[in-house]
Amino acid sequence: MGLLTLPRVYPPQEDTALLERALRGEGTLTGAHVLDVGTGSGALALAAARRGAERVVAVDIAWAAVLTARLNAALSRRRVRVLRGDLLAPVEGQRFDLIVANPPYVPSLGEKVPTRGRGRAWEGGRRGRELVDRLCAGVMPLMRPGGVLLVVHSELCGTEMTLERLRQAGLASEVAERHRVPFGPVLRSRGGWLRAQGLAGPDQETDELVVIRGRRPA
């Protein structure tokens, strides 16, 4: 069954598919506690539930996304608890075996990420790292020993930087998946600005999506 997507909700795209591929690479999730950060339509939370996770929690800051994920969970007859809130705040004090995250990561023309509108689903601040860095800094206390984080973002906001930030937080980190795609409408519209900022090459018209895997020591 296809997923429903309410207006103003980020629909599953190449980054969602790449993150789901990485999730499948983790093998069976039987008995696992899973967190989906920036759930959007709920696609990854439902993928975890289908793979046998015992408990699945999904978080998004947008009410439209929360309602969409709840609706898709109900239609799929899967048990997913969907919470509204800012990044990791709704699950403070909880622990998970696997955390998947698709935070906004597109470098923004403005200094700050928007607080409303559709752009909130993809705008990541001036270097695309505002939400990514917050995730790297705050995720380890939510991970059980041996727990895994899978986070997807664009090469434009710095693959090596994310690897290093996770290592600084105490996680072993590596690139789990890569996939190159043509610039979408948002990146095409600001291609000149990205090149002027040194975030994209002179003739670059494609973007490499990466899934970075962080693992907390057992």
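The values are calculated or read from the model by the stated rules, or taken from the named source; none is laboratory data. Predicted, not measured: the structure shown is a model, and the values here were computed from it. Glycine gets a Cβ as well: all are built from the backbone with ideal geometry, and neighbour counts include every protein chain shown.
Pull up the stretch 78-105, narrow it to residues that are within 21 Å of residue 16 (Cα to Cα) and β-branched (Val, Ile, Thr), then point me to the one that is surrounded by the most Cβ atoms within 10 Å (Cβ to Cβ). Before the answer, list the steps.
If we filter the stretch 78-105 for residues that are within 21 Å of residue 16 (Cα to Cα), which is where we start, we get 78-88, 96-105.
Add one more test, that the residue is β-branched (Val, Ile, Thr), and what stays is 80, 82, 99-100.
Values: 80: 23, 82: 23, 99: 23, 100: 28.
It comes out as 100.
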Here is a check on your reading of the model: is residue 64 modelled with pLDDT under 95 and not charged (D, E, K, R)? yes
Residue selected from the stretch 173-193 under the condition in contact with a helix residue (DSSP H, G or I) (Cβ under 9 Å, 6 or more places away or on another chain) and small (Gly, Ala, Ser), by the criterion farthest from residue 149 (Cα to Cα): 184
Do we have residue 108 as of a type in the set (S, T, N, Q), surrounded by 19 or more Cβ atoms within 10 Å (Cβ to Cβ) and outside any strand (DSSP E or B) here? yes
Which residues, taken from the stretch 163-185, are surrounded by 12 or more Cβ atoms within 10 Å (Cβ to Cβ) and either within 20 Å of residue 123 (Cβ to Cβ) or at pLDDT below 95 (or both)? 165, 181, 183, 184
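Here's a check for you: in the stretch 5-46, which residue that is among the aliphatic types (A, V, I, L, M) and not in a helix (DSSP H, G or I) is farthest from residue 176 (Cα to Cα)? Spell out how you get there, then give the answer.
Keep residues of the stretch 5-46 that are among the aliphatic types (A, V, I, L, M), which gives 6, 9, 17-19, 22-23, 29, 32, 34-35, 37, 43-46.
Applying the additional criterion that residues be not in a helix (DSSP H, G or I) yields 6, 9, 29, 32, 34-35, 37.
Working: 6: 31, 9: 27, 29: 18, 32: 20, 34: 18, 35: 18, 37: 18 Å.
Among those that are among the aliphatic types (A, V, I, L, M) and not in a helix (DSSP H, G or I), it is 6.
Consider residue 73 carefully, then state whether it is assigned to a helix (DSSP H, G or I), touching a strand residue (DSSP E or B) at 6+ places or on another chain (Cβ under 8 Å) and over 28 Å from residue 184 (Cα atoms). Give the derivation first.
Working: assigned to a helix (DSSP H, G or I): yes; touching a strand residue (DSSP E or B) at 6+ places or on another chain (Cβ under 8 Å): yes; over 28 Å from residue 184 (Cα atoms): yes.
Spelling it out, residue 73 is indeed assigned to a helix (DSSP H, G or I), touching a strand residue (DSSP E or B) at 6+ places or on another chain (Cβ under 8 Å) and over 28 Å from residue 184 (Cα atoms).
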Note on the stretch 118-175: residues basic (Lys, Arg) and either in a strand (DSSP E or B) or touching a residue at least 40 places away in the same chain (Cβ under 8 Å) (or both) are 118, 120, 127, 134, 144
Only one of (1) within 18 Å of the chain's Cα centre (by Cα); (2) under 13 Å from residue 135 (Cα atoms); (3) of a type in the set (S, T, N, Q) is not met by residue 159, so which one is it? (2)
Kindly indicate the residue of the stretch 122-153 that is closer than 22 Å to residue 205 by Cα and either β-branched (Val, Ile, Thr) or in contact with a helix residue (DSSP H, G or I) (Cβ under 8 Å, 6 or more places away or on another chain) (or both) and also surrounded by the fewest Cβ atoms within 10 Å (Cβ to Cβ) among those meeting that condition. 127
Out of the residues in the stretch 14-50 meeting the condition of being in contact with a Gly (Cβ under 8 Å, 6 or more places away or on another chain) and under 15 Å from residue 151 (Cα atoms), tell me which one is surrounded by the most Cβ atoms within 10 Å (Cβ to Cβ). 36
